[in-house]
Amino acid sequence: MDSRKVLGDDKVALVIGKMTKGCNLCFPGLKAVIFITGLCGDSCYYCPVSNDRFGKDVVYVNEEVVRSVKEIITEVERQGANGASITGGDPLVRFERTLRVIKCLKSTFGNSFHIHLYTSGRYATPDALVSLWKNGLDEIRFHPVDNRYKKAISYAVKLTGMDVGAEIPIAKGLEGWAKEVIKDVERLGGTFVNLNEMEFVESNANSLLSRGYDEDVKRPFTVKGSLKAAIKVLEWASKNASIDVHFCPASFKDSIQTRNRFRRLAVNDRRWYEKPTPYGTLKWAEVLDMGRLKISIDDIYKYKNHRIKIYESHPTRSRKPIVYEEEL
Ligand code: SF4
């Protein structure tokens, strides 16, 4: 097998081959993240899902709680997304809900609206996979924490036309598992494996510490050694695998993907008096002695003799200010 090059940058992405369509849309903030349920039949020690979501049957679109399919569509429209990533917990625990959401996204935004889904594969029966595909799912990423779940990869390849691959975290000691998953995906006919930098967050910190993992002070919120382990696996894959392998750094999610999504949301959903900033926030002002009249920060000069307060918030529905500036 010819050796292939590892391309990219350890803060954005390291890739052998190419990234999936789902990842390419995620980069510029074009994917809405639909957290369909916090329920999951597995309990991985490294699970990064926050305590207020894991094990709870809650639905979010990006940072917003939603209570109906209609509200999901509204949030996706607000972002101006071209695709969605359906995640959890395990979305297949709430299979009917997942199916309804996929159907509704496709009928509202059209066939070109790209949808990918993450699942452990525990509940991925042949019938479930065919239904997901027939209703519009484009890409599926298995997180095969148990060898028995791997047969779902082969069902998805044989019975559907979806892009099929795997997504697992990587850290010191997991290189062997990662290589095995890459070889299994290749053998079963899948086309990609995503290696996520292992996150070190409040919800998994104790569990990771008890297993000897620690936070990397140079790469905050990640497990020390994760990048090094990823590079080892990528180098091995460049000589021993023919499928696409992609390492996704945690800092990419936080600083690039989320900021790009916020920037897009801010421009798409701004009210007439709000001004988007390069950081993905919105700024506006209020004239306090005119009944808190909202004005654009560009018009402050027109209210010289009035009491003005400036606000800045993320483009969330509540517009809860993250910064108040001094009254002028
Ligand atoms: S399968 Fe995924 S969501 Fe479920 S416990 Fe493991 S890491 Fe968390």
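Since every read-out is calculated from the coordinates, none of them should be taken as a lab result. Just so you know, these numbers come straight off a predicted model, no measurement behind them. Note: ideal-geometry Cβ built from the backbone for every residue, glycine included; neighbour counts use all protein chains shown.
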Kirkwood Rh in Å, taken over the range 71-179 so that all alpha-carbon pairs contribute
14.5
Which one of I170, N111, S154 is farthest out on the positive end of the charge dipole of the chain, using unit charges on Cβ (Lys, Arg +1; Asp, Glu -1) and the Cα centre as origin?
N111
Which angle from 0 to 90°, rounded to the nearest 10, does the C-alpha axis of helix 95-109 make with the longest principal axis of the chain?
60
Which listed pairs, of K18/K320; K70/K183; K21/K151, have C-alpha distances above 31 Å, in listed order:
K18/K320; K70/K183
Counting sequence-distant residues (5 or more places) and residues on other chains, those with an amide H built under 5 Å from that of C248 are L195, N196, E197
The FRET efficiency for K56 and V6, from their Cβ-Cβ distance with R0 = 51 Å and rounded to 0.05, is 0.85
Leaving out same-chain residues fewer than 8 places away, which aspartates and glutamates sit with a Cα under 15 Å from that of K5?
E235, D244
5 angstrom amide H check on D163, placed H, neighbours 5+ away:
E139, I140
Mean Cβ count within 10 Å, highest first, over the residues of peptides 87-99, 302-314
87-99, 302-314
Across the range 241-249, in residue order, what do the Karplus-derived ³J(HN,Hα) couplings come to in whole Hz, using 6.51 cos²θ - 1.76 cosθ + 1.60 with θ = phi - 60° and x for Gly and Pro?
9, 10, 8, 7, 10, 9, 9, 9, x
Once you sort the root eigenvalues of the Cα gyration tensor of the range 7-264 as a ≥ b ≥ c, which label holds: rounded (a/c under 1.5), prolate (a/b larger than b/c) or oblate (the other case)?
rounded
What is the helix-to-structure angle for 226-240, meaning the angle in degrees between its Cα long axis and the longest Cα principal axis of the chain, kept from 0 to 90 and rounded to the nearest 10?
50
So what is the relative contact order of the chain, in percent, for Cα pairs below 8 Å that sit 6 or more residues apart?
18
Can you work out ³J(HN,Hα) from phi for every residue in the range 15-26, in order, using Karplus 6.51 cos²θ - 1.76 cosθ + 1.60 and θ = phi - 60°, giving whole Hz and x for Gly and Pro?
9, 10, x, 9, 8, 6, 4, x, 5, 4, 7, 5
Report, largest value first, the span of the C-alpha coordinates of the range 1-121 along each principal axis, in whole Å.
49, 37, 25
How large is ³J(HN,Hα), in whole Hz, for each residue of the range 198-209 in order, when computed from phi with the Karplus curve 6.51 cos²θ - 1.76 cosθ + 1.60 and θ = phi - 60°, using x for Gly and Pro?
5, 7, 10, 10, 3, 6, 10, 4, 5, 5, 6, 4
Under 16 Å from K106, Cα to Cα: aspartates and glutamates that are on another chain or at least 8 residues apart:
E71, E75, E77, E96, D138, E139
List the GluC sites (Glu not before Pro) within the range 115-209 that fall in a DSSP loop (any state other than H, G, I, E or B) and whose Cβ has at most 12 other Cβ atoms within 10 Å.
E202
Would you list which aspartates and glutamates come within 14 Å of K232, measuring only between C-alpha atoms, while excluding same-chain residues fewer than 8 positions from it?
D10, E175, E180, E197
Cα centroid separation - the range 184-235 against the range 1-31, whole Å:
16
Given the options N111, N147, N82, which has the most mean-square fluctuation in a GNM of the chain, springs set between C-alpha atoms less than 10 angstrom apart?
N147
Using the alpha-carbon centroid of each, what span in Å lies between the range 310-325 and the range 138-181?
40
